[in-house]
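The values are calculated or read from the model by the stated rules, or taken from the named source; none is laboratory data. Everything quoted here is computed from the prediction, not taken from an experiment. Note: areas computed on protein heavy atoms with side chains; ligands, DNA, RNA excluded. Shrake-Rupley method; radii C 1.70, N 1.55, O 1.52, S 1.80 Å.
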Amino acid sequence: MEHQKLIKRKKTLTAIMIVPGILLAIIALYILTYKGDQDLIALYAMVPLIAFTGLIFPFIQILKIQKELKKIP
């Protein structure tokens, strides 16, 4: 039962990581194609925040789950 719970949690975290990835891609395209003279400091500040909370943190959790799954026979 524990094994199935961990696999379900891993799949959920993987699916959750899709949204911040798409959001980062949209922000990157906007920054690269922006031709105005306003400052983009707010967008530059959001990139690491989205990357950490939406991609890196779930990835670390997935690695922990993988480690736990290897322990279960």
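A few points about this structure:
- Å² per residue, accessible surface of the chain at 1.4 Å: 80
- Inverse of mean 1/r across different Cα pairs in the chain, Kirkwood, Å: 14.1
- Straight-line cross-link reach from LYS11 at under 18 Å between alpha-carbon atoms covers these lysines, not counting any fewer than eight positions away in the same chain: LYS64, LYS67, LYS70.
- Summed over qualifying helices (DSSP H, 4 residues or more, each -39500 (n - 2.57)) and divided by its residue number, the chain shows a 222 nm mean residue ellipticity of -25500 deg cm²/dmol.
- Full-stretch length increase - LYS64, ALA25 - with 0.36 nm per residue and alpha-carbon distance subtracted: 11.4 nm
- Contact order relative to length of the chain, as percent, for alpha carbon pairs under 8 angstrom and 6 or more apart: 54
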